[in-house]
1. In this structure, is A:N637 surrounded by fewer than 24 Cβ atoms within 10 Å (Cβ to Cβ) and within 14 Å of chain B (Cβ to nearest Cβ)?
2. (1) within 14 Å of chain B (Cβ to nearest Cβ); (2) surrounded by fewer than 24 Cβ atoms within 10 Å (Cβ to Cβ); (3) within 29 Å of A:E514 (Cα to Cα); (4) of a type outside the set (G, A, S): which one isn't true of A:N662, the others all being true?
3. Test A:E650 against the criterion of being buried (at least 17 other Cβ atoms within 10 Å of the Cβ) and assigned by TED's automatic domain parsing to the domain that holds A:L421, and give yes or no.
4. Could you list, in sequence order, all residues of the range A:336-353 that are of a type in the set (S, T, N, Q), assigned to a loop (DSSP other than H, G, I, E, B) and farther than 14 Å from A:D169 by Cα?
5. Return yes or no: is B:G101 modelled with pLDDT under 95 and either more than 10 Å from chain A (Cβ to nearest Cβ) or part of a loop (DSSP other than H, G, I, E, B) (or both)?
6. If A:R403 satisfies every condition in (1) in a helix (DSSP H, G or I); (2) under 30 Å from A:A143 (Cβ atoms) but one, which is the exception?
7. Return the residues of the range A:248-258 that are within 22 Å of B:C103 (Cβ to Cβ) and surrounded by fewer than 24 Cβ atoms within 10 Å (Cβ to Cβ); say none if nothing qualifies.
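The values are calculated or read from the model by the stated rules, or taken from the named source; none is laboratory data. The model shown is predicted, which means the values in this text are computed figures rather than measured ones. When we count neighbours, we look across all protein chains shown, and the Cβ atoms used for this are built from the backbone with ideal geometry, even at glycine.
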Amino acid sequence: MNAIFEGIGASVRRKEDLRFISGRGHYTDDMNRTGQLHCILKRSDRPHAIIRSIDTSAAKAAPGVVAVFTHADLDADGVGGVPCGWQIHSKDGSPMVEPAHPVLATGRVRHVGDPIVAVIAETRQQAKDAAELLVIDFEDLPAVAHIADAIAPGAPLVHDAAPGNTCFDWHIGDKAMVDAAFERAAHRVKLDLTNNRLVPNAMEPRCAIGDYDPMSGDFTLITTSQNPHVIRLLMGAFVLHIPEHRLRVVAPDVGGGFGSKIYHYAEEAIVTWAAGKLHRPVKWTSDRTEAFMSDAHGRDHASTAEMALDAEGNFLALRVSTVANLGAYLSTFAPAVPTYLSATLLAGVYRTPAIYAEVRAIFTNTVPIDAYRGAGRPESTFLLERLLDTIAHDTGIDRIELRRRNFIPADAFPYQTPVALQYDSGDYQSTLNAALKAADWDGFPARKAEANSRGKLRGIGVSTYVEACGIAPSKLVGALGARAALYEVAQIRVHPTGSVSVFTGTHSHGQGHETTFAQLVASQLGIPYENVDIVHGDTNKIPFGMGTYGSRSLAVGGSAMVKAMDKIILKGRKIAAHLLEAAVEDVVFENGQFTVAGTDRSKSFGEIALTAYVPHNYPIEELEPGLEETAFYDPANFTFPGGCHICEVEIDPETGVTTVVNFTAVDDVGRVINPMIVEGQIQGGVAQGIGQALLENAVYDQQGQLVSASFMDYTMPRADDLPNISVGTETTLCTHNPLGVKGCGEVGAIGSPPSVINAVVDALSDYGVRHLDMPATAHKIWSIINASGMKMAAE
Amino acid sequence: MPNVTLTVNGKSHTVEVEGRTLLVELLREKLGLTGTHVGCDTSQCGACVVHIDGNSVKSCTTLALQADGTTVTTIEGLAAADGTLHPMQEAFREHHALQCGFCTPGMVMSAIDLVQKNPQGLSEADIRHGLEGNLCRCTGYHNIVKAVSAAWHTMHGKELVAAE
């Protein structure tokens, strides 16, 4: 087994970089097809309204316009609605309310950005000009955008079929056990908190090109997707009724996803369907404002959390009640986010014996909400780690000691939590210790004193967390409501001269798969890294796959590669045994050589490959020619990366501006294939976490208008908003996948936000601040300081 | 429709444009230079940065007509004819300063201008401030700052003393 991992662990520079740094990437909008038309979508500028009429006549007559489509055209063709991929059942066993999600608004618009009309013209400018000529007569309806308004008695209904705007009312855990523990508790600590609404904002706006070949009947969709096979499945089977063999979905270079490019979006169906109607390619490219009002948003939870403790500060029980905003329609995985991706993580890294959580998911007149980097785990981690510091605040127990006292001990794995998950491995004391040391926790008082002498407030905050990723065991998620499986697929094609093409169902949109996977395959097959090519993002090339999200690509996709390579190696041993006149059992494969054990008789990997394709001396009766294998890998469990993040901030009390002065992450992501890439993934995740904690907020006004719909209004973290981010790893191996890997894509965004807010609250401790919701903007902090009427302690 | 004559990456072009045509549209759609990207519509993200007469400019808020008679360099024009990369491109690759690559062309073009205009030196804070017109969602900027610092040393012929 050890030989497998030789060469792994090197910070190999990325294969994909050459094309990106020289401007030769191939993103969807870089592509144009002969005869291509351009689609502009007329979207609702109303949060909630009845569409009385749509007059398309002027638009249809405008220069260059080829077609103008409304829902009536789609209906006439039997086009289905956008499907949801996960079904949750309420406490009473009833299925969630699943309202229709039309591709183009049908009779009613439910959020600003809801698409109503598709205008298709020879040029993008012509389509834009024509869209201005559409006359839509609306009858405005009262709207709800915020959680509190949507659940208020008598609130306007987003969908008539969802009384109280409730999609589902779900729960998990043992309520009676939790209630009993609260009865006997020495301490009870309660905290209300929100998890702010975010916009993923991958730098590449979404884009889709539909094409149709009337000779063959083949459709092609080129799209900015994290999972082309999932799009083919959803759009083909549910929306456009195109069988798989007639529909090719290509996701070329994709400029970031962070979850927002998982989902099947209406625009993909519109351009594909329109290409079929018009027999010409149709392209739609989102502009940024459009992205703000049509890409799925993230987070937006309001929770109450209560912990029961004994007199020594041991956790007895946790009770959580959450309202989760799902937006106006159900996006692909939305129902899973606040439930099985969030509430199941409420044990965190702690041995809390009893947990009960209830989640009410609601509709509002806002953009649909779905998984955004971390998807549910940042919400539960923020809740838990803020609650931990609040417990420390209320009980006077040191926050580090409180964590240590309640950690799941390293020898308790596998550890069954009270909320369904079984953690396979971890060592939370060790990541905490390493982070405390790296962040010089003990030196903080001196740094605080020095900052105070400069008139600055200084605070330090810690977060210890675990998350569940590497999603996911198909049988388990099926039982929990997933309408799809979550295995992954790899095909390894060894070419006659020994080079290798790897076809993976995962998709790289910044993660560096072309490098990491090549390292993995090269080291396992004992061939040069340069001889391995990774192919992804095309349903016509790759057998199948579920794509990239939930930090699953290496843990699930990489494991599928190992499984396929095992088959290659076994076949290679059979061929070698024939050539070397030995028994298969006596042939071992090591460092690219098939050798008869204990002898110097061997054949190289290249010789075996050539023999497989030129089978002149070959056991042709027993063995097929060729050397190509496919494997489906269905994981036995989730993987559980975890660790400790420590943030140190300075606040200028004159302005309320918070500066992150130090950030230290020590994470356990399992075995690391490419440390450089892992570090980069964690730094990027932390940057998004700091963004959530201090800067980012998607704001709707009371009437449901999206106020923050551009980079002028939505604060993206810029280079001078962020610190250097120190990353370390402490490794325990995943016990159930062949690589021992856990995943690193989301840990940064999951672990960091509470560490930032804990640091801000610490810095503001003299002002009596117990909790602060995200984002901790300068205005919010300045208002607290100003209202206190207090001057700095040092003054 | 009026004509624009400009030199792009050493090659002269005369292109018919509409009055409203943006420089980035001319580059991407008329000249096929798709390395220059569009990431926003408010001149905030910097994915579209090119050099006009040696200065970094956001091509999404420059009319093609404004570029008449100028010399434009895009990301495709940085490497030498033999394929040798510009030191900034090398530094981005060496320091893993890119992930999805979408912001990279604009980031590289801005960074080159920043380095060229600051021969006296660039602190980490200078680099962070100098790049605040370019958004990156993937890297957290940590490695971009490292890359630009390293490229400053290469471009100004100074030896890089390991700072970390």
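1. Details: surrounded by fewer than 24 Cβ atoms within 10 Å (Cβ to Cβ): yes; within 14 Å of chain B (Cβ to nearest Cβ): no.
No.
2. (3)
3. Yes; evaluated as a whole, the condition is true for this residue.
4. Within the range A:336-353, the first condition is being of a type in the set (S, T, N, Q), and the residues that meet it are A:339, A:342, A:344, A:352.
Add one more test, that the residue is assigned to a loop (DSSP other than H, G, I, E, B), and what stays is A:339, A:342, A:352.
A:S342, A:T352, listed by residue number.
5. Numbers: modelled with pLDDT under 95: no; either more than 10 Å from chain A (Cβ to nearest Cβ) or part of a loop (DSSP other than H, G, I, E, B) (or both): yes.
Taking the combined requirement at face value, the residue does not satisfy it.
6. (2)
7. First, the residues of the range A:248-258 that are within 22 Å of B:C103 (Cβ to Cβ): A:251-258.
A:P252, A:D253, listed by residue number.
So that you can scan it fast, the table gives a plain yes or no per residue for (1) of a type in the set (G, A, S); (2) within 14 Å of chain B (Cβ to nearest Cβ); (3) more than 30 Å from A:F219 (Cα to Cα):
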position: A:V500; (1), (2), (3): no, no, no
position: A:Q511; (1), (2), (3): no, yes, no
position: A:Q524; (1), (2), (3): no, no, yes
position: A:N540; (1), (2), (3): no, no, no
position: A:F544; (1), (2), (3): no, no, no
